[in-house]
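The values are calculated or read from the model by the stated rules, or taken from the named source; none is laboratory data. Computed from a prediction, not measured in an experiment: that's the story for all the values here. Virtual Cβ from ideal backbone geometry, glycine too; neighbours counted across all protein chains shown. Heavy atoms of the whole protein, side chains included, go into the accessibility calculation; ligands, DNA and RNA do not. Shrake-Rupley method; radii C 1.70, N 1.55, O 1.52, S 1.80 Å.
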Amino acid sequence: MAKIHKIEHEKDICIGCKICSETAPKFWVMEETKDGLKAHVVGSKDGGKFEELEIDENDLAINKEAAYMCPVNCIHIKDLKTKQRII
């Protein structure tokens, strides 16, 4: 299936609450960093300010749920075609 969305994670504002990793453990894990415990997008590439991972339609719903539940709004999802954030 084609990758049509992109997760963007602003790791610097992540507070390590674990909601994303509990909601979507296939995509989110917790890791210790120099700034403390932070979420990490499994398989992502570093895009500078963001960790980035392209996903297909099948993976959208669970990652939208993780983004909606994030208390600091550090998870964003973009439509790759329009380049617009959908979350």
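Suppose R0 equals 25 Å. What FRET efficiency, 1/(1 + (r/R0)^6) with r the Cβ-Cβ distance, do residue 79 and residue 34 give to the nearest 0.05? E between residue 79 and residue 34, to the nearest 0.05, is 0.15. Any idea what angle helix 60-69 forms with the longest principal axis of the chain, computed on alpha-carbon atoms, 0 to 90 degrees, nearest 10? Between the helix axis and the principal axis of the chain, the angle is about 40 degrees.
Expressed as a whole percent, the accessible area of the chain that falls on carbon and sulfur atoms is 52 (1.4 Å probe). Here the ratio of the Cα radius of gyration of the chain to 2.2 N^0.38 Å is 0.99. Database remark: amide H of residue 77 closer than 5 angstrom to the amide H of 8, 86, 87 (H placed geometrically; neighbours at sequence offset of 5 or more, or on other chains; Pro and chain starts carry no H). A simple spin-label model places the labels of residue 13 and residue 56 3.2 nm from each other, with each point 7 Å out along Cα-to-Cβ. Once the 1.4 Å probe is applied to the protein heavy atoms, the chain comes out at 58 Å² accessible per residue.
Legend: distances between Cα atoms for 3/34; 49/78; 11/64; pairs beyond 27 Å are 3/34. Counting only heavy atoms of the protein chains and using a 1.4 Å probe, residue 79 has close to 40 Å² of accessible surface. Inter-label distance, residue 1 to residue 86: 1.1 nm, where each label sits 7 Å from its Cα along the C-beta direction.
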